[in-house]
Amino acid sequence: MMRKERLLAGIGSATSFHYSCFLRHVSCFLVREVIVIKKLLQLAEMAGNRAFLYRMLASLYLREVCVEQLKAMSELDMQGVMKDMGLDLSGEFYQHPVEQVVEELAVEYCRLFIGPGIHFPPYESVYAGEFVAGGGIKGLLWGEAAVEVNRFIRECGLEFDASYRGLPDHLGVELDLMGQLAAWEASAWSEGDAGDARMAVELQSRFMKDHLVKWVPDYCQQLAGAARVPFYREMSLLTKDFIMIDMERIEELLRLDLPEIKDKLSLAAEKSAI
């Protein structure tokens, strides 16, 4: 074989070898990326589910249950979802006429959260006050907690519901805030932006530690003990359990070390275009 032919053959062999190595490298890279992308999509789904539950609970604390909400809850699929979440209502709850149940829940809502008489105002500032002998709580509206929550909401660049005219440390507002942060997290995970998702998780962790875990579990336990209607008893216990479980879940998320998939995919696209 002529020197030139041997040289070309050698170059061909070397090229094939390097090309094979390149393909194996790309294959491993793509497999790793697919695994991480699947993980990010799972995290996005989990965050979306958490956002849904936070917002559903928030709506039940902010105002009386309306006919539309109750009809939605009465659907078989929704009954299964709520039961899976721990909101296991009695069969009688679904068997009575909707209008009758709505009226009963409205009366119970006013008795528990508004008064008159011994009641449980759903405000962090009030609950941070002293317990009164015989039940109930003595505290101040627009206390330090309300100021801190209001500042935190503005700091996150979030806003109150346009229809809300109450105080910022209402339990429903605090739960809705967590729902907004979880929705932000879900959007970031789905876009492959692990950095933005982590920021949302860190804000959730901070708000959870500074506010929710400090008063909501004890508050909900007292509320469950005072409730006369199964709906509000189950709802308060679900809220308590969810807050404690979600605190652990958030801490687990903070320990994750996921790469910035969005940047990697962008870099890969640029290289393939060269």
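Looking for whichever is buried (at least 16 other Cβ atoms within 10 Å of the Cβ), touching an Asp or Glu at 6+ places or on another chain (Cβ under 6 Å) and either of a type in the set (D, E) or modelled with pLDDT of 95 or more (or both) here; the options are A186, A200, A194. Which one fits?
On the way: A186 fails: touching an Asp or Glu at 6+ places or on another chain (Cβ under 6 Å); A194 fails: either of a type in the set (D, E) or modelled with pLDDT of 95 or more (or both).
Just one listed residue meets the conditions, A200.
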Test result for L175, under 20 Å from F52 (Cβ atoms), in contact with a Cys (Cβ under 8 Å, 6 or more places away or on another chain) and either among the hydroxyl-bearing types (S, T, Y) or crowded, with 22+ Cβ neighbours inside 10 Å (or both): no
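Specify which of the listed residues (D210, D241, D218) is acidic (D, E), closer than 14 Å to P122 by Cβ and surrounded by fewer than 22 Cβ atoms within 10 Å (Cβ to Cβ).
Details: D210 fails: closer than 14 Å to P122 by Cβ; D241 fails: closer than 14 Å to P122 by Cβ.
Exactly one of D210, D241, D218 is acidic (D, E), closer than 14 Å to P122 by Cβ and surrounded by fewer than 22 Cβ atoms within 10 Å (Cβ to Cβ), namely D218.
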Tally of residues being over 24 Å from I245 (Cα atoms) and part of a helix (DSSP H, G or I) across the stretch 38-75: 7
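Can we say L158 is touching a Ser or Thr at 6+ places or on another chain (Cβ under 8 Å), assigned to a loop (DSSP other than H, G, I, E, B) and at pLDDT 85 or above?
Working: touching a Ser or Thr at 6+ places or on another chain (Cβ under 8 Å): no; assigned to a loop (DSSP other than H, G, I, E, B): yes; at pLDDT 85 or above: yes.
No; evaluated as a whole, the condition is false for this residue.
The values are calculated or read from the model by the stated rules, or taken from the named source; none is laboratory data. Note that the coordinates shown come from a computational prediction; the quantities given were computed from them, not determined experimentally. Virtual Cβ from ideal backbone geometry, glycine too; neighbours counted across all protein chains shown.
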